Amino acid sequence: MSLILLIEQVLNGLQFGIMLFLMAAGLTLIFGVMGLINLAHGSLYMIGAFCAAAVAGATGSFLLALIASLAGAAIAGALVELVVIRRLYDKDHLDQVLATFALILIFSEGTRWVFGSFPLFLDVPDFLSGPITLPGGIEYPLYRLTLIVVGLLVALGLYLLISRTRLGVQIRAGENDREMIAALGIDIAKLYTIVFALGAALAGLAGALVGAIQSVQVGMGEPVLILAFVVIVIGGIGSIKGALIGAILVGLTDTLGGIFLPEVMKLFFDPSTATSIGSSLASMAIYVLMAAVLILRPSGLFGARA
Amino acid sequence: MIRESYLNALTVLVLLAVPLWAVVADEPFTITLMTRAAIFAIAAIGLNIALGIGGLVSLGHAVFFGIGGYAMGILAHHAQTYTAVFEWPLLIEGTKSMPVIWLVAVVLSSLAALVIGILSLRTTGVYFIMITLAFGQMFFFFAISWAEYGGEDGLSIYVRNGFPGLNTLVPIEFYGLCLGVLLLVLVFAWRLSKSPFGLALNAARQAPVRVETVGLDPVRLKLVAFVISGAITGLAGAMFADLNRFVSPTMFSWQTSGEIMIFIILGGVGRLFGPVVGALVFVALEHWLGGLSDYWHIYLGLLLLLIVLFGRGGLIGMVSGRRAVHD
């Protein structure tokens with residue numbers, strides 16, 4: 001277990017965490033502003049990935065594919081908000097869960113209908129493929145490093161958007177008191193559509209970026225969605241900062257757990273038993289982390305509400 | 001407008017008459033479909049105790065369904081390979097006896113519900129939904145990585161387990177057994193909802209602060225409901241595995257949790273017969289729409305969306321004209 005391997009794995013965990021953040025940020029924003037639990041967020045991730053794969057297949061341009069993923073997911077998000085989601089804001093959580101579950105069924109089967117059951121592939125562009133040598137002589141895939149940088153830039157952009165712009169002021173006001181900002185003459189329905197489309201665009205971007213290192217297929221969104229829920233529970237609902245820290249914690253725990261738990265088990269068991277016990281434990285590690293955070297802080301690390 | 005009690009009687013009539021017709025007409029597949037519906041109904045009655053009376057929106061009930069399934073799978077697997085489940089600290093052997101398997105399924109799923117409930121009930125509302133969903137996923141991935149019991153591929157059991165006095169390999173006899181359990185569970189759920197505990201739980205959903213001021217602990221009430229709920233869904237899981245003679249991690253998947261919830265919504269939340277009607281309608285849709293189109297989930301999704309947006313009270317509510325049972 002060398003230092004280089006450790007650094008590589010930390011970077012992998014960071015990359016995974018940052019992508020989870022893109023999902024979790026949208027979810028937590030939508031919950032914070034509209035009080036809505038959106039199970040269909042994973043479908044928007046999938047839509048982003050499929051838009052990117054389709055455009056990349058047609059044009060061969062990765063940048064156009066990314067733009068398509070942002071636009072496609074944002075448009076799908078805005079449409080869904082206008083047609084279905086806005087009828088759910090004043091309903092209880094059970095109705096929200098069921099309606100968005102119904103949306104998952106419709107989106108997943110609809111995508112399967114249009115694109116078929118076979119996975120699509122989105123290639124890493126030439127200028128981002130291959131390894132890069134980091135200081136200290138570590139070789140690391142350039143594309144994964146790019147994902148980390150892009151994700152951090154998006155996080156910074158989101159922070160600036162929310163803390164420095166007029167829209168950000170409205171979003172923060174919407175989290176605190178929606179009647180008041182409606183009374184101040186802000187079109188709250190339009191604000192909700194914008195926030196939902198923004199969250200959808202982030203999910204779509206994540207789908208496209210991850211789609212290039214995994215395959216693009218129906219059902220790819222839901223495992224990520226559930227991990228994003230774990231992130232939000234750990235970070236605290238409604239907190240973007242909590243989402244970032246929670247996402248990195250979950251990413252690191254999952255990646256490092258998968259590598260080190262089998263090794264640790266080898267101290268106690270023979271190698272084959274150790275590998276199977278270790279990998280079972282590793283698949284549960286983030287949920288144990290979540291349970292631990294819940295015991296210490298039921299409202300998450302940065303959650304305001306209990 | 002039909003009164004709800006007539007509708008309930010009609011449901012029981014369907015449960016009795018359709019399989020009898022299938023025996024006469026020699027349609028064993030219809031009996032299997034009815035068995036599937038009866039077992040789904042038991043699972044959903046379990047969830048309905050937590051969801052309908054206790055207001056606990058659990059998106060993780062597949063955990064208990066799966067534990068029941070694996071209890072059957074593991075015990076029967078060891079029985080058919082003549083190996084022991086544990087040799088240490090005490091010898092536990094596999095079994096092919098349904099009552100024993102059911103008991104194990106109920107005990108294990110209650111224990112899991114107790115632990116998950118204690119952790120999850122520290123939170124409420126949307127946190128509770130996300131946490132139960134996450135625990136479901138934890139069990140799902142655990143089952144996938146559990147290579148000893150088939151991992152991702154699951155476990156096949158060659159011969160259906162036995163029940164004293166019945167030949168469970170005959171479809172109508174196994175259906176009769178499942179129907180018997182369903183009716184017992186229905187009576188239990190009905191008695192529970194009218195019992196002091198059920199009334200207190202109902203109050204804990206509507207006004208937790210008031211319940212607390214009269215000296216009852218709402219969290220404890222909800223925890224007990226969650227454990228009972230998990231136990232019933234676990235029992236259904238063991239029966240479902242026996243119906244298919246197969247268990248796989250799919251039983252733990254979040255889609256399974258969603259489907260159990262759909263049964264309740266289709267029929268009507270908090271209604272005694274809601275889960276039964278919902279499960280019957282779901283199995284019928286699955287069969288008819290699934291035959292018409294490979295993409296039948298689109299239609300299921302649309303139907304669900306319409307019921308949630310416009311039809312509070314589920315199908316029973318729409319037909320009987322009595323809208324929501326509560327709230």
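Output the residues belonging to the range A:31-53 that are within 11 Å of chain B (Cβ to nearest Cβ), aliphatic (A, V, I, L, M) and farther than 21 Å from residue A:219 by Cα.
Listed by number, the list holds a single entry, A:36.
Kindly evaluate residue A:161 against the criterion of being assigned to a helix (DSSP H, G or I), free of Cβ contacts under 8 Å to residues at least 24 places away in the same chain and either among the hydroxyl-bearing types (Ser, Thr, Tyr) or surrounded by fewer than 22 Cβ atoms within 10 Å (Cβ to Cβ) (or both).
Here the answer is yes, as residue A:161 does meet what is asked.
Could you tell me how many of the residues in the range B:284-310 are more than 7 Å from chain A (Cβ to nearest Cβ) and within 27 Å of residue B:15 (Cβ to Cβ)?
Counting residues in the range B:284-310 that are more than 7 Å from chain A (Cβ to nearest Cβ) and within 27 Å of residue B:15 (Cβ to Cβ) gives 14.
Restricting attention to the range A:62-91, which residues are under 12 Å from residue A:34 (Cα atoms) and either buried (at least 23 other Cβ atoms within 10 Å of the Cβ) or of a type outside the set (Ser, Thr, Tyr) (or both)?
A:81, A:85, A:86, A:87, A:88, A:90, A:91
What number of residues in the range A:246-284 are surrounded by 20 or more Cβ atoms within 10 Å (Cβ to Cβ) and touching an Asp or Glu at 6+ places or on another chain (Cβ under 8 Å)?
Adding up the residues that qualify gives 2.
May I ask you to say which residue of A:76, A:56, A:24 is under 21 Å from residue A:225 (Cα atoms), more than 12 Å from chain B (Cβ to nearest Cβ), among the hydrophobic types (A, V, I, L, M, F, W, C) and out of contact with any Gly (no Cβ under 6 Å at 6 or more places or on another chain)?
Just a single option satisfies the conditions, and that option is A:76.
Inside the range B:238-268, can you point out the residues that are away from every other protein chain (no Cβ under 12 Å), buried (at least 24 other Cβ atoms within 10 Å of the Cβ) and within 13 Å of residue B:36 (Cβ to Cβ)?
B:239, B:240, B:241, B:242
Residues that are in contact with a Gly (Cβ under 7 Å, 6 or more places away or on another chain), surrounded by fewer than 18 Cβ atoms within 10 Å (Cβ to Cβ), more than 30 Å from residue A:113 (Cα to Cα) and away from every other protein chain (no Cβ under 14 Å): does the range A:221-242 have at least one?
Taking every residue of the range A:221-242 in turn, none turns out to be in contact with a Gly (Cβ under 7 Å, 6 or more places away or on another chain), surrounded by fewer than 18 Cβ atoms within 10 Å (Cβ to Cβ), more than 30 Å from residue A:113 (Cα to Cα) and away from every other protein chain (no Cβ under 14 Å).
Of all residues being in contact (Cβ under 8 Å) with a residue 60 or more places away in the chain and surrounded by fewer than 15 Cβ atoms within 10 Å (Cβ to Cβ) in the range B:1-11, which is nearest to residue B:102 (Cα to Cα)? Just the residue, please.
Only one residue fits best here, namely B:3.
Could we say that residue A:132 is among the hydrophobic types (A, V, I, L, M, F, W, C), more than 14 Å from chain B (Cβ to nearest Cβ) and either surrounded by 15 or more Cβ atoms within 10 Å (Cβ to Cβ) or in contact with a Lys or Arg (Cβ under 7 Å, 6 or more places away or on another chain) (or both) here?
no
Determine whether the range B:299-322 contains at least one residue that is surrounded by fewer than 23 Cβ atoms within 10 Å (Cβ to Cβ), under 19 Å from residue B:191 (Cα atoms), of a type outside the set (D, E, K, R) and out of contact with any Gly (no Cβ under 8 Å at 6 or more places or on another chain).
Within the range B:299-322 (the criterion being surrounded by fewer than 23 Cβ atoms within 10 Å (Cβ to Cβ), under 19 Å from residue B:191 (Cα atoms), of a type outside the set (D, E, K, R) and out of contact with any Gly (no Cβ under 8 Å at 6 or more places or on another chain)), the answer is no, since none of the residues qualifies.
Can you pull out the helices (runs of 4 or more DSSP H) entirely within the range B:27-145 that have at least 2 residues that are in contact (Cβ under 8 Å) with a residue 40 or more places away in the chain and more than 14 Å from chain A (Cβ to nearest Cβ)?
B:28-48, B:62-81, B:98-120
Identify, please: which residue in the range B:109-131 is within 18 Å of the chain's Cα centre (by Cα) and not hydrophobic (A, V, I, L, M, F, W, C) and is, among those, surrounded by the fewest Cβ atoms within 10 Å (Cβ to Cβ)?
Restricting to residues being within 18 Å of the chain's Cα centre (by Cα) and not hydrophobic (A, V, I, L, M, F, W, C), the top hit is B:110.
In the range A:79-107, which residues are more than 7 Å from chain B (Cβ to nearest Cβ) and not hydrophobic (A, V, I, L, M, F, W, C)?
Those that are more than 7 Å from chain B (Cβ to nearest Cβ) and not hydrophobic (A, V, I, L, M, F, W, C): A:81, A:86, A:89, A:90, A:91, A:92, A:96, A:100.
Hey, among the residues in the range B:269-286 that are touching a helix residue (DSSP H, G or I) at 6+ places or on another chain (Cβ under 6 Å) and of a type outside the set (A, V, I, L, M), which one's surrounded by the most Cβ atoms within 10 Å (Cβ to Cβ)?
B:275
What about residue A:122, is it surrounded by fewer than 23 Cβ atoms within 10 Å (Cβ to Cβ) and more than 14 Å from chain B (Cβ to nearest Cβ)?
No: the conditions fail for residue A:122.
For residue B:233, work out the one condition from (1) within 14 Å of chain A (Cβ to nearest Cβ); (2) polar (S, T, N, Q); (3) within 16 Å of the chain's Cα centre (by Cα) it doesn't fulfil.
(1)
Can you work out which of the residues in the range A:119-172 that are more than 20 Å from the chain's Cα centre (by Cα), of a type in the set (Ser, Thr, Tyr) and within 22 Å of residue A:5 (Cα to Cα) is modelled with the highest pLDDT?
A:140
Mind counting the residues in the range B:146-176 that are in a helix (DSSP H, G or I) and modelled with pLDDT under 90?
Qualifying residue count, the range B:146-176: 5.
Would you confirm, using the coordinates I've provided, whether residue A:196 is among the aromatic types (Phe, Trp, Tyr), part of a helix (DSSP H, G or I) and within 21 Å of residue A:43 (Cβ to Cβ)?
Taking the combined requirement at face value, the residue satisfies it.
For the range A:102-127, which residues satisfy the criterion of being of a type in the set (Asp, Glu) and either under 22 Å from residue A:146 (Cα atoms) or out of contact with any Phe, Trp or Tyr (no Cβ under 6 Å at 6 or more places or on another chain) (or both)?
A:123, A:126
Which residue, of B:147, B:134, is aliphatic (A, V, I, L, M) and surrounded by 22 or more Cβ atoms within 10 Å (Cβ to Cβ)?
The match here is B:134.
The values are calculated or read from the model by the stated rules, or taken from the named source; none is laboratory data. Being a predicted model, the structure only gives us computed values, none of them experimental. Quick reminder, even Gly has a Cβ in these numbers, built from the backbone with ideal geometry, and neighbours come from all protein chains shown.
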